[in-house]
Amino acid sequence: MQIPQIRLQTNPMKIGLNIDQPVQQIEQKAAVQSIQQPQAILEIQTTPGKLTIDQSQAREDMDLKSLSKRVDEFAQQGYQDWLAGMARRAQQGTELRHIEKGGNPLAEQARQNSKGPEKQFNLGWIPSPFSVKLGYQPAEVKIEATAQKPIIDAQINRVNHTYTQGSVNVEILQNNALDIDFINLYADEIR
């Protein structure tokens, strides 16, 4: 016996996707930078040191006196000798006035007038200690520095950004289908 059958055969729909990936490019150029550092302004003022050496006392101790000092000493010595000479002559005149008192004033005066003071020798070229006077004024240095600020110039470059949008294309690779077959079924039976 043959049983009538209805056979259904389906084919599903097949969909295909074509995908184009998006493309993104980002490019960042480095910034252009310029830095200048001016030199600091430096001012230096120097007052030089001063050394003074006064050796006039040492030269006088060695009998190397200046002309003005020598003239002053000679004038003073001449005045003292003149006063001493006047005093000696006045005394000798008084002695001669009183010659009647006895003695031999003329011979005694001749002996005193002919006799000079004893000469003494000593080393005369050695100056006394600390006779050279030293004076020193130290140097002064004034330093003034003025710092200069750096000059910075920076130029920022923009970002280069390109973007290509992706896409999706849908296509039908296979349409859906339904096949119906009748087996062992006759047309008069269908009614």
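The values are calculated or read from the model by the stated rules, or taken from the named source; none is laboratory data. For clarity, every value in this text was computed on a predicted model and none was experimentally measured. Cβ sites come from the backbone with ideal geometry, for glycine too, and all protein chains shown count toward neighbours. The accessibility values were calculated without ligands, DNA or RNA, using every heavy atom of the protein model including side chains. Shrake-Rupley method; radii C 1.70, N 1.55, O 1.52, S 1.80 Å.
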**Request:** Take segment 101-126 and flag every residue that is at pLDDT 80 or above and either touching a helix residue (DSSP H, G or I) at 6+ places or on another chain (Cβ under 6 Å) or within 28 Å of residue 56 (Cβ to Cβ) (or both).
**Result:** 105, 109
**Prompt:** What tally of residues in segment 142-152 results from selecting those that are among the β-branched types (Val, Ile, Thr) and either in contact with a Gly (Cβ under 7 Å, 6 or more places away or on another chain) or surrounded by 10 or more Cβ atoms within 10 Å (Cβ to Cβ) (or both)?
**Reply:** 2
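Taking residue 56 as the residue in question, decide whether it is free of Cβ contacts under 8 Å to residues at least 40 places away in the same chain, under 47 Å from the mean Cα position of the chain (by Cα) and either farther than 30 Å from residue 172 by Cα or open to solvent by 100 Å² or more (accessible area, probe 1.4 Å) (or both). Break it down into steps so the answer makes sense when it comes.
Values: free of Cβ contacts under 8 Å to residues at least 40 places away in the same chain: yes; under 47 Å from the mean Cα position of the chain (by Cα): yes; either farther than 30 Å from residue 172 by Cα or open to solvent by 100 Å² or more (accessible area, probe 1.4 Å) (or both): yes.
Yes; evaluated as a whole, the condition is true for this residue.
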